[in-house]
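Undergrad: Next up is a structure, given as structure tokens.
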Amino acid sequence: MELLANFLVFALCYAGLSSLCLAMDRHYADLHGRGAEPPAPLRRRLQWTGWLALAAGLAWAMHIAGGGYGLVYWVGSLTGCGLLLIWLLPYAPHQAMRLARIIGGAAVLAAVALALL
């Protein structure tokens, strides 16, 4: 159960950072062609989704580890996810976003499984 809870924090951080990356012109253009920009409503939706996922990850990290350790654990997860995105986005942007969709769905399943346990 603890592994599932830790995975949920990591998954929320990765999905949140990926959403914020996709809201940026540069990363959106990497996926949709040179010069492409996300429409304003999509950009806002991606930004809100990203920040909400990061906030949910912080809340869950503090729930499972307490205030001080939860914050440190969340920052560590952000660092790991950020490094993963830094390595994936320049070389394999489509795979990075595919992983974000998969891990976002896995986060939903992990949250449901934790709620049922």
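The values are calculated or read from the model by the stated rules, or taken from the named source; none is laboratory data. This structure is a prediction, so every number in the text was calculated from the model and none was measured. Don't worry about glycine lacking a Cβ; one is built from the backbone with ideal geometry, like all the others, and counts go over all protein chains shown. Note: areas computed on protein heavy atoms with side chains; ligands, DNA, RNA excluded. Shrake-Rupley method; radii C 1.70, N 1.55, O 1.52, S 1.80 Å.
Undergrad: In segment 107-117, what residues are assigned to a helix (DSSP H, G or I) and surrounded by fewer than 18 Cβ atoms within 10 Å (Cβ to Cβ)?
TA: Within segment 107-117, Val108, Leu109, Ala111, Val112, Ala113, Leu114, Ala115, Leu116 meet the criteria.
Undergrad: Tell me yes or no: at least one residue of segment 76-87 is open to solvent by 80 Å² or more (accessible area, probe 1.4 Å), part of a helix (DSSP H, G or I) and in contact with a helix residue (DSSP H, G or I) (Cβ under 7 Å, 6 or more places away or on another chain).
TA: No, every residue in segment 76-87 fails to be open to solvent by 80 Å² or more (accessible area, probe 1.4 Å), part of a helix (DSSP H, G or I) and in contact with a helix residue (DSSP H, G or I) (Cβ under 7 Å, 6 or more places away or on another chain).
Undergrad: Continuing with this model, one more query. Just to be sure I understand the filter: pairs with C-beta atoms under 8 Å, separated by 6 or more residues or on different chains, first member in segment 18-43 and more than 13 Å from Leu85 (Cβ to Cβ), second member part of a loop (DSSP other than H, G, I, E, B) and of a type in the set (S, T, N, Q). Which pairs pass?
TA: That search, which allows pairs on different chains as well, returns nothing.
Undergrad: If we scan segment 18-27, do we find a residue that is among the charged types (D, E, K, R) and part of a helix (DSSP H, G or I)?
TA: For segment 18-27, residues among the charged types (D, E, K, R) and part of a helix (DSSP H, G or I): present.
Undergrad: To continue, here is another question. Give the residues of segment 1-58 that are among the hydrophobic types (A, V, I, L, M, F, W, C), exposed (fewer than 15 other Cβ atoms within 10 Å of the Cβ) and in contact with a Phe, Trp or Tyr (Cβ under 8 Å, 6 or more places away or on another chain), sorted by residue number.
TA: Ala36
Undergrad: Scan segment 88-99 for residues that are part of a helix (DSSP H, G or I) and either open to solvent by less than 30 Å² (accessible area, probe 1.4 Å) or basic (Lys, Arg) (or both) and report the count. Spell out the reasoning first.
TA: The first filter runs over segment 88-99 and keeps only residues part of a helix (DSSP H, G or I), leaving 88-91, 93-99.
From what is left, the residues that are either open to solvent by less than 30 Å² (accessible area, probe 1.4 Å) or basic (Lys, Arg) (or both) are 89, 93, 96-98.
Residues that pass the stated criteria total 5.
Undergrad: Which of the residues belonging to segment 66-75 are open to solvent by 40 Å² or more (accessible area, probe 1.4 Å) and modelled with pLDDT under 90?
TA: Residues satisfying the conditions are Gly67, Gly68.
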